[in-house]
Amino acid sequence: MKKLSILFILLIALSISVLAQDTDTKKDVEAIKKVIQTAYVEGLQNEGDVEKIDNGFHPGFKLLGIGQGNQMWEYPIYTWKESVLTRKEEGKLPKKDDEQVSIKFLNVDVTGTAAVAKIEFYVGKDLRYVDYLSLYKFEDGWKIVNKIYYEFPKDE
């Protein structure tokens, strides 16, 4: 009977530990979604709000793309922010209704302080990209550190 009681106590302790980890993961997923929505969608894409961009992107962020053959290119966040500021000065930001970017989260995978989010990227109602955003959790929270993507072919 004593062995059964000890086993029962161990099972309860293990269950509490698993539930606590699951709660932490859910909090991280929500924090990641908020960073992506605020910094990437609102700040970078729709509003041109540099403060939102700076709060959600790590200064070492790079967008990686592929070119012809085996070529790759990279676009750092400071260059992307310059482009955003230029578009804002030209009156192209903030975006209007049918130009607004929205996203749909397909998956957020978190392991400790590393995460990857897979999202659908819409302009208006048109699905344009699937983005893969990598994030790290720093002392001041989750930051987007990298992006790769797939662009859907344009209808001709």
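At-a-glance table
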{"item": "Hey, E42 open to solvent by 70 Å² or more (accessible area, probe 1.4 Å) and either part of a helix (DSSP H, G or I) or of a type in the set (D, E) (or both) or not", "result": "no"}
{"item": "Output for the range 61-82, where each listed residue is aliphatic (A, V, I, L, M) and either assigned to a loop (DSSP other than H, G, I, E, B) or open to solvent by less than 40 Å² (accessible area, probe 1.4 Å) (or both)", "result": "L63, I77"}
{"item": "Residues located in the range 45-62, provided they are under 14 Å from N146 (Cβ atoms) and of a type in the set (A, V, I, L, M, F, W, C)", "result": "F57, F61"}
{"item": "Contacts under 6 angstrom Cβ, first residue in the range 70-98 being under 18 Å from L133 (Cα atoms), partner open to solvent by less than 100 Å² (accessible area, probe 1.4 Å) and of a type in the set (G, A, S), 6 or more apart", "result": "W73/G65; W73/G67"}
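The values are calculated or read from the model by the stated rules, or taken from the named source; none is laboratory data. Worth saying up front: this structure is predicted, and the values here are computed from it rather than measured. Glycine also receives a Cβ, built like all others from the backbone with ideal geometry; neighbour counts cover every protein chain displayed. Heads up: the accessible areas ignore ligands, DNA and RNA and are worked out on the full protein's heavy atoms, side chains in. Shrake-Rupley method; radii C 1.70, N 1.55, O 1.52, S 1.80 Å.
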